Amino acid sequence: MKKSLVFILTVFAVGSFSALAWAAEPDITVAALDTISTIALASALGIGIGVLGPALGQGLALLGTTTGIARNPEAAGSIRLCMLIGLAIMESLAIYALVVSLLLIYAFPFNEHLIKLISG
């Protein structure tokens with residue numbers, strides 16, 4: 001029940017924000033500015049949500065590692081090695097979210113309209 005509620009709320013949120021991106025007015029300057037602000041909002045939400053999972057995973061990994069080392073101090077080396085590999089993989093997921101957000105900001109298809117707006 002809880003997973004289906006989260007899924008339905010996620011679909012609703014994504015659908016709500018995607019409607020903003022397609023509801024542009026015919027004036028190209030207004031459309032470019034609306035698109036820029038929508039892309040900035042999508043980028044901010046994307047990096048926030050994209051970092052949430054790895055942050056929770058890293059916290060749980062550290063909790064498990066400290067618990068494991070406390071219970072079995074002789075296996076601290078192998079436990080620590082597994083934790084560091086897992087943390088590196090989790091951190092790469094956060095970096096992927098950052099890359100996607102930066103691509104949204106700097107590589108969107110309305111760059112020429114933004115340049116026309118700035119240059120006057």
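The values are calculated or read from the model by the stated rules, or taken from the named source; none is laboratory data. The structure displayed is predicted, hence computed values, not measured ones. Counting neighbours? That spans all protein chains shown, and the Cβs are built from the backbone with ideal geometry, glycine included.
Just give me the residues in segment 11-40 being surrounded by 13 or more Cβ atoms within 10 Å (Cβ to Cβ) and modelled with pLDDT of 75 or more, in sequence order. Correct list: Thr38, Ile39, Ala40. Apart from one condition, Ile8 fits all of (1) within 17 Å of the chain's Cα centre (by Cα); (2) at pLDDT 80 or above; the exception is (1).
Counting just the residues of segment 81-111 that are part of a helix (DSSP H, G or I) and touching a Ser or Thr at 6+ places or on another chain (Cβ under 7 Å), which one comes out modelled with the highest pLDDT? Walk me through it before giving the result.
Step one: list which residues in segment 81-111 are part of a helix (DSSP H, G or I), which gives 81-106, 111.
Now restrict to residues that are touching a Ser or Thr at 6+ places or on another chain (Cβ under 7 Å): 83, 101, 104-105.
Working: Met83: 90, Ser101: 83, Leu104: 79, Ile105: 76.
Among them, the one singled out is Met83.
The set of residues in segment 43-76 being closer than 13 Å to Ala94 by Cα and not in a helix (DSSP H, G or I) is empty.
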